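I have placed the structure first, in the form of structure tokens, so that the comments after it can refer back to it.
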Amino acid sequence: MNSDSEVIPIETDVLVIGGGLAGCMAGIKASEYGVKVTIAEKANTLTSGCAGTGIDHTWAYIPPIHEKMGWCIEDLMEDHIQGIAHGFINKELLYLVASENYERVLDLEKFGVNFRFDDSKVPGKFRIVPQFHSVPSSFNFDGRPIKVKLTKEAERRGVNIINRVMITDLLSTDGHVSGALGVGTRDGKFYSFKSKAVVLCTGRVNRLSRIVSGVWGNHRLPVYETGDGRTMALRAGVPIINTEFFSPALFMIGNYEISFGVPRAEVQPAGSITGPNGEIIVPRTYFYDWENLGKEKWTSEVRRKWMAQRRADRPPYPEMYKQGKGPFYLDLTGGTEEEIKYAEWSVSNEGDGFRFLDYLKNQEKFDFRKDKIELLPNSREMAGTAASGLAVNKDLETELKGLFAAGDEVGGLPWQASSGAFTMGWHAGEMAAKQTREQKGFLPVGEEKLASLRELCADMLSSKEGLHWGEVELAVQNIVDYYAGDVRAEEMLKRGIERLDDIKGNISFRAENTHELVRCLEVRSVIDNAVMVMRTSLERKESREVPFKFYRADFPEQDDENWLSFLALKLEEGAFKFSKIPIK
Amino acid sequence: MMFRPIFFNVEVCNGCNTCVDLCPVDVLAPNLEKGKPPIVAYPDECSYDGSCWIHCPLSDKGAIKVVTPLPMRVAILRGNR
């Protein structure tokens, strides 16, 4: 690649940026409206995103089952609002996800994903397990090939998938999105899109903090998700919310266990947590008693209280480690053959799990029937991370007309997970496609942004003194971990901002080739996201407990009266502006 | 380079480059010699998701192996202890 690299112009009615679960669903749905749809994907839609190598579960309100339990959609909402989000959630969007994901599961079935099993005792032959709510509400399914199935369905419908393009900028014209710019991650060409609507689905920011095992790629979630969507939206003047909440990448120290799909042994049968001498720390789980479905004695309220008590009784591992208690083990040794087989099946469909299981069996000669896996104290992910993302209205449109978002790109929905990706992707695809039908031609786009992207890339590729992307990334991660880690406070955060600004203003990158150029552009996204973390951390003058795990030493109490609000950040004429969005 | 995450069996791999096409982190590059296994160009950027191995058409015959590096290996309590 060089500064005169070719520009590939592409016109499309709907441009979907990011082809993970949400992006594929958006593309598939948008294609139903007779408009031209393009998915621009940084990697390859066959293997990219959080479910790139599979996903084995998705939560939903499931009428044929939950109605028999006397559990209504409002009960799911209450369980999620209280138990998962602690009141800090966008209820309109929660309703969208809760009420529509069962239909999306039925759509996924049509695309060839298997949700039904002959040996199931559950109505509909589904496999349903408990996860987030007080009754079992998560489908377990054969999700390993889901990205292959979604890609094929999108292609069958005529969606144009362009792999290996990293989008870096949104284009807008008179307050309306008008296209996007990107760089080919292999061909080094510039991609200039004109579009009538854009659906942003680039996921989260997974490289904000140090991966403690020292293996760069050892993250539960894709390391190539670098918050590109948030930074391009920020530069386009779109508000981003709650970026102060993020999960440090601590949960994979020398271990895989959380990508195992059994965080704290809740999801799968027979999983217990035991101590150094086999003593039970968390008792084993069981399959739900499906034969007695419809004969439940508990009311929803009693169930909710029971769930809250279970969560409150959860062992405080970090404190226990400080007291010298531990190690702790994930222990399935009490399981029956049927339960072990089920657990292995489930793991083999969950992200990274298929290879993990192969590694366990073949590299370690591990056997669930007798061996245990050591759990690590900081191996937990914060649900609050999913509260961060773009601010959208109930139709998933941002303040920039024609710009929609879906999945992890959207803020305000703790633990929306794959359910959020399926439902929001679908909905955003529909809204975007419908909107483009009202618009006749493409809006004119200026050349300035392309010129500055060209210049930026040329500088990186020709720099003699610039730094390798990995060097810059480590420095930024050190700053995030140090100034915005477990303890945050005003002066520390101000110092962190100064240091990030210093890097942003004074460091130049050096790229030897297109591969490294893309990594440099990714680290540029990470820096912008780190600035957002630091700025909003400084602005939120309270502490907020787990699952947000936000502790301000100078404001140690949770302050719902003033701060049960989303904190929005936007760029206006180069300056950061903050506002509070009250939670309704 | 610290890690050696991916091994190809030269006897089995026919250089079809499916793994190169699918690696989401782009750590592989096609071999300049046609029909030969790809080059692990950026081993330290491997994310160990197994895409290359899962989608390899000759995976069953052992064309490709992904090896978990020592700092990522699970700490196991063996049942016979």
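The values are calculated or read from the model by the stated rules, or taken from the named source; none is laboratory data. Remember, predicted model here, so these are calculated numbers, not experimental data. Methodologically, a virtual Cβ is constructed for each residue, glycine included, from the backbone with ideal geometry; neighbour enumeration extends over all protein chains shown. Side chains are part of the model used for accessible areas, which takes the heavy atoms of the whole protein and leaves out ligands, DNA and RNA. Shrake-Rupley method; radii C 1.70, N 1.55, O 1.52, S 1.80 Å.
Below is a table of values for the structure above.
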{"item": "log10 of Debye I(q)/I(0), alpha-carbon scatterers only, for the stretch B:6-69 at 0.20 Å⁻¹", "result": "-0.67"}
{"item": "Sulfur and carbon atoms: percent of accessible area, chain A [1.4 Å]", "result": "51"}
{"item": "Computed [θ] at 222 nm, helices only, for chain A once each DSSP H run of length n ≥ 4 contributes -39500 (n - 2.57)", "result": "-10500 deg cm²/dmol"}
{"item": "Projected-area average for chain A over all orientations - Cα convex hull basis, square nanometres", "result": "25.8"}
{"item": "Rg/Rg_ref, the stretch A:448-582, where Rg_ref = 2.2 N^0.38 Å and atoms are Cα", "result": "1.22"}
{"item": "Per residue Cα convex hull volume in Å³ - calculated over the stretch A:108-212", "result": "228"}
{"item": "Across A:Lys91/A:Lys295; A:Lys401/A:Lys440; A:Lys365/B:Lys65, pairs whose alpha-carbon gap is larger than 26 Å", "result": "A:Lys91/A:Lys295"}
{"item": "Pair A:Asp486, A:Phe576: separation of 7 Å Cα→Cβ label points (nm)", "result": "2.5"}
{"item": "For residues of A:42-49, the mean tally of beta carbons on other chains within 10 Å", "result": "5"}
{"item": "Neighbourhood net charge (14 Å Cβ-Cβ; Lys/Arg +1, Asp/Glu -1) for A:Lys584", "result": "+2"}
{"item": "Sequence ranges A:546-553, A:305-312, A:189-196, ranked by mean other-Cβ count within 10 angstrom, highest first", "result": "A:189-196, A:546-553, A:305-312"}
{"item": "Shape call, the stretch A:330-448: gyration tensor on alpha carbons, a/c limit 1.5", "result": "prolate"}
{"item": "Value of relative contact order over chain B, rounded to a whole percent, pairs C-alpha under 8 Å and six or more apart", "result": "37"}
{"item": "Loop-resident sites, the stretch B:3-81, for GluC sites (Glu not before Pro), counting at most 11 other Cβ within 10 Å (DSSP)", "result": "B:Glu11, B:Glu33"}
{"item": "Nitroxide proxy distance, nm - points 7 Å out along Cα→Cβ at A:Ser463 and B:Asn31", "result": "3.6"}
{"item": "Three-way shape call for the stretch A:2-81 based on the alpha-carbon gyration tensor, with the a/c threshold at 1.5", "result": "prolate"}
{"item": "Rough spin-label spacing in nm, given labels placed 7 Å along Cα→Cβ, for B:Asn14 and A:Asn513", "result": "2.7"}
{"item": "Protection-proxy order for peptides A:466-476, A:233-243, each taking the mean of Cβ atoms within 10 Å per residue, highest first", "result": "A:233-243, A:466-476"}
{"item": "Virtual paramagnetic centre 7 Å along Cα→Cβ of A:Lys305, amide N under 17 Å, in the stretch A:59-93", "result": "A:79, A:82-83"}
{"item": "25 Å Cα-Cα reach of A:Lys370 towards lysines, excluding residues that sit fewer than 8 places from it in its own chain", "result": "A:Lys325, A:Lys341, A:Lys361"}
{"item": "Buried area at the B-A interface (accessible, heavy atoms, 1.4 Å probe, summed, Å²)", "result": "3500"}
{"item": "Cβ neighbours within 10 Å from other chains - mean over A:348-357", "result": "3"}
{"item": "Contour minus Cα-Cα distance for A:Gln82 and A:Lys504 (0.36 nm per residue)", "result": "148.0 nm"}
